[in-house]
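**Student:** What follows is a single structure, and I will ask about it in a moment.
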Amino acid sequence: VAKRTPGTSMALAEARFALGSSDLLAQEQALRTAIVQRQFSLHYQPKVEAWSGRLIGFEALARWQRPGFGPVGPGEFIATAERTGLIGELGEMLLRLAFEQVKVWRDAFDRVVPVAVNVSPLQMLDGEFPRLVTRMLDEHGLPPQAITLELTESAAVANLDLARDQILQLRRLGVEVALDDFGTGFSSLNMLRSLPVHTVKIDRGLIEPLPAPDALAVVRAICQLATALDLQVIAEGVENEAQADAARQAGCQVLQGELFAQPLTLGEAGDWLSESVSDLMRLT
Ligand code: C2E
Ligand code: MG
Ligand code: MG
Ligand code: MG
């Protein structure tokens, strides 16, 4: 028995590996089909000015309308897309969806509705990315303020110099970049200093415990630092009034979360806009 144990566990490990890789293969196949058949859509979550509650734009959040599964969230397919090399194609498709929507809304409402799009580090660190963004702005006839890009801080760690360079190029185009999920990584402060981002989005993990004094102290410190560095601060995942008050008090200029609205379907976002489009600044 003692002799068979290693062999058995090895066989098990191999079986698990084989299962794992065929799983990945199956997922890759499903994703490929989904991309070809354009099974993706964006949901839109309002971002509001902290002191007035006025709409300032949306964050676009990807959903996979997978036949037989219902809507699948990004947590279940972005990582797979990254691992299988499909993220370039998928990310471009999602970015294009956002541009198309901003154009549709501009034509419908005569206002540019700024939309923030999440980008994978693999996309952001692709040397062609700034050119892709330029091309899409041109194709849709939109000003650079129409689109903001959100990059998670963990993502940028891999290659800080390249990230810095890419973000600089985007900024020169007039496209703002936000550091997303701030406060969850381990080198946040260095990131803030090194990356020429316009905005910091404080992760909902730090907003959730508000208004607890210790959490409030942390959020306030982030806001002070951000202000000193001339950065805008957004609190994400705001679910109740107490959190909103605390975030406001701490110095967050923009709030986002279920207190205001969940990520909305395209139709719901249109209804929301009909009500509050006059809040938006005229960007041409
Ligand atoms: P994120 O950019 O930090 O987006 C915020 C997430 O928090 C979203 O989850 C949103 O639905 C959720 N959320 C918003 N308000 C609240 C709230 O008040 N309470 C709670 N509990 N949750 C709230 P979602 O849509 O599942 O997206 C998860 C992550 O997936 C995003 O985190 C983003 O990093 C990534 N992601 C989403 N869309 C895309 C995309 O198009 N491309 C890429 N590369 N990543 C994406
Ligand atoms: Mg985001
Ligand atoms: Mg975030
Ligand atoms: Mg987050």
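**Student:** What is the chain's relative contact order, in percent, from Cα pairs under 8 angstrom and six or more apart in sequence?
**Tutor:** Dividing the mean separation by the residue count of the chain yields 19 percent.
**Student:** With a 1.4 Å probe and all protein chains kept in place, how much accessible area does S274 have, in Å² rounded to the nearest 10?
**Tutor:** 70 Å²
**Student:** Between D214 and E28, how many nm apart are label points set 7 Å from Cα along the C-beta direction?
**Tutor:** 4.5 nm
**Student:** Counting only protein heavy atoms and a 1.4 Å probe, tell me what percentage of region 185-256's accessible area is made up of carbon and sulfur.
**Tutor:** Using a 1.4 Å probe with all protein chains present, region 185-256 comes out at 54 percent carbon and sulfur.
**Student:** Can you give the accessible area of S154, probe radius 1.4 Å, in Å² rounded to 10?
**Tutor:** My reading of the accessible area for S154 is about 80 Å².
**Student:** Per DSSP helix of 4 or more residues, -39500 (n - 2.57); summed, then divided by the residues of the chain. What does that give at 222 nm, rounded to the nearest 500?
**Tutor:** After summing the helix terms and dividing by the residues of the chain, the value is -16000 deg cm²/dmol.
**Student:** About the Cα centre, and with charges only on the beta carbon of Lys, Arg (+1) and Asp, Glu (-1), how big is the dipole of the chain? Nearest 20 debye, please.
**Tutor:** Here the size comes out at about 560 debye.
**Student:** Hey, can you grab everything whose amide H is under 5 Å from the amide H of Q232? Only 5+ residues off in sequence or another chain; H modelled, so Pro and N-termini drop out.
**Tutor:** So Q232 has HN proximity to T199, V200.
**Student:** Express the accessible area of the chain per residue in Å², computed with a 1.4 Å probe while the remaining protein chains stay in the model.
**Tutor:** 50 Å²
**Student:** Right, another one. With a ≥ b ≥ c the root eigenvalues of the C-alpha gyration tensor of region 155-256, is it rounded (a/c under 1.5), prolate (a/b larger than b/c) or oblate?
**Tutor:** The shape class here is prolate.
**Student:** Between R38 and L173, what FRET efficiency comes out of the Förster formula 1/(1 + (r/R0)^6) with R0 = 35 Å and r the beta carbon distance, rounded to 0.05?
**Tutor:** The calculated FRET efficiency here is 0.80.
**Student:** Moving on. Output the antiparallel fraction of DSSP beta bridges having both residues in the chain, as a percent to the nearest 5.
**Tutor:** 40 percent
**Student:** How large is the convex hull of the Cα atoms of region 25-184 per residue, expressed in Å³ as a whole number?
**Tutor:** Spread over its residues, the Cα hull of region 25-184 gives 135 Å³ apiece.
**Student:** Based on the mean of other Cβ atoms within 10 Å per residue, sort peptides 124-130, 33-39 so the most packed one is first.
**Tutor:** Result, highest mean Cβ count within 10 Å first: 124-130, 33-39.
**Student:** Can you tell me the length gained on complete extension of the stretch A228 to R131, counting 0.36 nm per residue apart and subtracting the Cα distance?
**Tutor:** Computed gain between A228 and R131 is 31.8 nm.
**Student:** When the chain is fully extended, how far beyond the present Cα-Cα distance does V104 get from A79, taking 0.36 nm per residue of separation?
**Tutor:** Once the chain is fully extended between V104 and A79, it gains 6.0 nm.
**Student:** Related question: Relative to the Cα centre, what is the charge dipole magnitude of region 17-96, using +1 at the beta carbon of each Lys and Arg, -1 at the beta carbon of each Asp and Glu, and rounding to the nearest 20 debye?
**Tutor:** Dipole about the Cα centre, nearest 20: 240 debye.
The values are calculated or read from the model by the stated rules, or taken from the named source; none is laboratory data. From a predicted model like this one, the values you see are computed outputs, not experimental measurements. Cβ sites come from the backbone with ideal geometry, for glycine too, and all protein chains shown count toward neighbours. Only protein heavy atoms, including side chains, enter the accessible area calculation; ligands, DNA and RNA are left aside. Shrake-Rupley method; radii C 1.70, N 1.55, O 1.52, S 1.80 Å.
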